[in-house]
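*Asks:* One structure, pasted below without further comment.
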Amino acid sequence: MNVAILGATRGIGRALARQLAARGDRLFLLGRDLEELGKSARDLEARAAPAVASVGTARCDLLAPEGFAAALDAAAVALGKLDAVVVTAGLFATQDRLEGDPALCRQVLEADFSGTVLFCEEARRRLLAGGGGRLMVFGSVAGDRGRKPVVLYGAAKAGLARYLEGLDHRFRSQGLIVVCVKPGFVRTSMTDGLPVPPFAGEPERVAAEAIRALDRGRPVVYSPGIWRWVMAVIRRLPRAVMRRVGF
Amino acid sequence: MSVAARERRSEDLAAVARGAVLTRGLGRAYGDSALPPAGVATIASAVLADRILELDAGSGRLRAEAGLALGDLVWALLPRGFFPPVVPGTQFVTLGGMVAADVHGKNHHVEGTIGRHVVALRILTAAGETLDCSRERHPDLFRATLGGMGLTGHILEVELGLARVPSPWILQETFRVVGLDPFLAALRESAGDWPFTVGWIDCLATGRALGRGVVLRGRWARAEEAPDGFPRPLRRWTVPFHLPGFALNGLSVRLFNAVYYRRHPRRPRAGVVHPETFFFPLDAVRSWNRIYGRRGFTQFQCVLPEAERPGAVRRFLEVAAARGGSSFLCVLKDCGEEGEGLLSFPRPGVSVALDLPMRPGLAASVDALAAATLAEGGRIYLAKDSLLTAERFGALEPRLAAFDEVRRRWDPERRLRSAQSVRLMGDPP
């Protein structure tokens, strides 16, 4: 499979790219920092089977939508044909920081919602033009319910999840398979320094479960799997309870 | 040992290491080398900085970030006909940790420590400067960092020469030997023809049986000797919970040792084995340390100059036996030339490693073992230590002054420090 990944230099994206490369998928990396992208590309080439071709890179920033088309075109040219586009990139900050810093808040909302949606639109057009393909995007369990610690971040991820659901309904018949991954708390550098809650996951496991969902074309997948049940409960809690509890 | 401190992790190691007292890898040191001093709340972790930056098949050179796990490296190298030049007994260590402890392996008598194969290091100094050092550039910092337990600077990147291997399989021979002198002779003789040697002895056997043990030696299988298939990473068993404290007692250890001994043939028997089985036998069981119960265990490892002082190993083992303490494993390895690292552990002689289950009064036993080591002119391995006193360590380590000198140059305030360096080297708490 030929896969373009936005966000493969760090965290779950790094683990995901390594697992895809290890099984022989051909990769193209998109991200903000060309030097970082180059290092990650060399790492993937070294870790994958010796037969794997070189991994290409191009600059792409979720806060700069004008560059999306060129970045995806570069990926399509390098890979020959685009079979899948994966977005693990995103911004995160704690609710306290977002409330106190409107500029940062705007960046997080733009990157995690409008930026990601516009990127997906470009990806969707190219995949459909090639007869279909797979689009996997990382949302979050934070989008499943309005909650005290993730009011703003969760709102962006909720909007993103709704968009991906609509995309699935509208274009599935034309061969576009959309996968929305909702990780629970995962121990990555993004969550470094935060208190680790129960059911925390490791990026390698989340990456493996995401790849399984990508292969099977499951529209929504929680990872680690227990979060599906945790969120099922939280979604059903009455507002009176949500106003009182801290999560 | 409980840790109240928290790791700070990032793919950008320099960002979390800046200002931290220490950077740690996968935390497999047996003592407190990778723990911060008691009053320090955070420590940098290298494990997310784990990229291979350059792998040049032509020159056999590797450059990688310091948090790269040895296990990941092994499986990236083997399909290309390479292997790390030196590996310790577990693959759950990072490259940076291997350099910091200047690890040795079964091929020490031929290849020395990992330090011999390190070409260059990128280091974040205590002053916050990023430096490339090697035998040519800042050689004092380079040499002090090999085996310097992370106290000379945060290791960010490692450049390493690799070993070429003819196949990914190992041809191994094992046999048992009765008596310490024949055992040491067998190790010595094996060293002449075999690049990998190690031995295990039953510390609980006494009298004439003292030193009954098993010798293991190996080399890379040639292409025509190797099986057709490529080895796959082995599946691992897990010890699911801590065994009760009494599970490991004199009787059960005696029984284990006797069974282990008898499983091996009298005469050398050869066979092709998986490289993980050969190099990392304990990794086959995850959380194997749980067999020691909640109190856990520590190790003691020393190297004794057996050639200059014949009988040094016997005298040491007699002290160990007298002190009791049910050592599951007692591993012996003949060491070759001393490395360049200012505090590098191995020197010519025989290295002895003992497992010591934690118990009240263990510190006194460890001190007795250290005294015995000192009496024989040996030295101890910092990566295994958690109980030595500063006084004993100072006596055992005449090289400490030279190491301190380099630290004075690069870190006069001793900002970089660990629980171990506070205990042994007089660092500020």
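*Asks:* Roughly how far apart, in whole Å, are the Cα centres of segment A:1-57 and segment A:73-134?
*Replies:* For segment A:1-57 versus segment A:73-134, the Cα centre distance is 17 Å.
*Asks:* Separate question: D for segment B:6-71, whole µm²/s, Stokes-Einstein with Kirkwood Rh over alpha-carbon pairs at 25 °C and 0.890 mPa s: what number?
*Replies:* Numbers: Rh = 12.9 Å.
Translational diffusion coefficient: 190 µm²/s.
*Asks:* Lone cysteines in chain B, going by a 4.7 Å Cβ-Cβ cut-off?
*Replies:* Lone cysteines by the Cβ rule: B:133, B:302, B:335.
*Asks:* Which helices, taking whole DSSP H runs in chain A, have alpha carbons extending 27 angstrom or more along the helix axis plus mean Kyte-Doolittle at least -0.5?
*Replies:* Working: long enough: A:151-171 (30 Å, 0.12).
Those that pass (Cα extent of 27 Å or more, hydropathy at least -0.5) are A:151-171.
*Asks:* Tell me, what does the Kirkwood hydrodynamic radius of chain B come to in angstroms if you use every pair of distinct C-alpha atoms? Could the numbers behind the result be given before it?
*Replies:* Working: mean 1/r = 0.0454 Å⁻¹.
Result for chain B stands at 22.0 Å.
*Asks:* Another question, then. Treat the count of other C-beta atoms within 10 Å as a stand-in for reagent exposure and order A:137, B:253 from fewest to most.
*Replies:* Numbers: A:137 25, B:253 20.
Starting with the residue having the fewest Cβ neighbours, the order is B:253, A:137.
*Asks:* Turning to a different aspect of this structure: Could you calculate, for segment B:170-388, the ratio of the Cα radius of gyration to the Kirkwood radius, expressed as Rg to Rh? The partial results should precede the final answer.
*Replies:* Values: Rg = 17.7 Å, Rh = 18.4 Å.
Rounded to two decimals, Rg over Rh is 0.96.
*Asks:* Across the residues of A:12-20, average count of Cβ atoms on other protein chains within 10 Å? Please list the in-between numbers first.
*Replies:* Working: counts 0, 0, 4, 0, 0, 0, 3, 0, 0.
Going residue by residue through A:12-20 and averaging, the value is 1.
*Asks:* A follow-up question, please. When the scattering of segment B:185-232 is computed by the Debye formula from its Cα atoms alone, each counted once and equally, what is log10 I(q)/I(0) at q = 0.13 Å⁻¹?
*Replies:* The Cα Debye sum returns log10 ratios of -0.47.
*Asks:* On to the next question. Connecting C-alpha atoms closer than 10 Å in a GNM of chain B, tell me which of B:247, B:312, B:100 has the biggest fluctuation.
*Replies:* The residue with the greatest mean-square fluctuation here is B:247.
*Asks:* Test of understanding: in a Gaussian network model of chain A with alpha carbons linked when under 10 Å, which of A:176, A:135, A:237 would top the mean-square fluctuation ranking?
*Replies:* Highest fluctuation among the options: A:237.
*Asks:* Let me ask another. Quick one: grab the alpha carbon gyration tensor of the protein assembly as shown, order the square roots of its eigenvalues as a ≥ b ≥ c, and give me rounded if a/c is under 1.5, else prolate or oblate depending on whether a/b is larger than b/c.
*Replies:* Cα axes put the protein assembly as shown in the prolate bin.
*Asks:* Under a Cβ-Cβ cut-off of 9 Å, what is the net charge of the residues other than residue A:182 that fall near it, where Lys and Arg count +1 and Asp and Glu count -1?
*Replies:* Numbers: positive: A:157, A:228; negative: A:144.
Value of the local net charge: +1.
*Asks:* Please report B:146, A:104, B:255 as a ranked list, fewest other C-beta atoms within 10 angstrom at the top and most at the bottom. List each step's numbers first, then the result.
*Replies:* Numbers: B:146 23, A:104 15, B:255 11.
Ordered by Cβ neighbours within 10 Å, fewest first: B:255, A:104, B:146.
*Asks:* If you bin every alpha carbon distance in segment B:198-301 into 10 Å steps from zero, what whole percent lands in each bin?
*Replies:* Result, from short to long distances: 12, 32, 36, 17, 3 percent.
*Asks:* Can you bin segment A:160-247 into rounded, prolate or oblate? Criterion: square roots of the alpha carbon gyration tensor eigenvalues sorted a ≥ b ≥ c, rounded for a/c under 1.5, prolate for a/b above b/c, oblate for the rest.
*Replies:* Details: a/c = 2.50, a/b = 1.37, b/c = 1.82.
Since a/c reaches 1.5 but b/c is at least a/b, the shape of segment A:160-247 is classed as oblate.
*Asks:* Follow-up question, since we're still on this one. Give the lysines whose C-alpha is closer than 27 Å to that of residue B:384, dropping any in the same chain fewer than 8 places away, or say none.
*Replies:* B:106, B:333
*Asks:* Over segment A:111-247, what is the relative contact order in percent, taking alpha-carbon pairs closer than 8 angstrom and at least six residues apart?
*Replies:* Working: 190 pairs, mean separation 34.1, N = 137.
Reported relative contact order: 25 percent.
*Asks:* Per residue, what volume in Å³ does the convex hull of the Cα atoms of segment A:42-170 enclose? All intermediate terms of the calculation are to be shown ahead of the outcome.
*Replies:* Values: hull volume 16.7 nm³, N = 129.
Considering the Cα atoms of segment A:42-170, their hull volume per residue is 129 Å³.
*Asks:* Amide H neighbours of residue A:8 under 5 Å, counting only residues 5+ apart in sequence or on other chains, H built in-plane at 1.01 Å?
*Replies:* Placed amide hydrogens put A:30 under 5 Å from residue A:8.
*Asks:* Would you mind pulling out the separation of the Cα centroids of segment A:190-247 and segment B:320-382, in Å?
*Replies:* 48
*Asks:* Give, to the nearest whole percent, the P(r) tail of segment A:2-244 beyond 34 angstrom, counting all Cα pairs.
*Replies:* Details: 3568 of 29403 pairs.
Taking all Cα-Cα pairs of segment A:2-244, the fraction more than 34 Å apart is 12 percent.
*Asks:* Where a ≥ b ≥ c are the square roots of the eigenvalues of the C-alpha gyration tensor, would you call segment B:134-238 rounded, which needs a/c under 1.5, or, failing that, prolate if a/b is larger than b/c, or oblate? If you can, show how the numbers build up before the last one.
*Replies:* Working: a/c = 2.12, a/b = 1.34, b/c = 1.59.
It comes out oblate by the Cα gyration axes.
*Asks:* Indicate, rounded to the nearest 5 percent, the antiparallel portion of the DSSP beta bridges found entirely in the protein assembly as shown.
*Replies:* Details: 60 of 96 bridges.
Within the protein assembly as shown, antiparallel bridges account for around 60 percent of the total.
Each reported figure results from applying straightforward, stated rules to the coordinates on display, with no laboratory input. These numbers were taken from a predicted model, which means no experiment stands behind them. Virtual Cβ from ideal backbone geometry, glycine too; neighbours counted across all protein chains shown.
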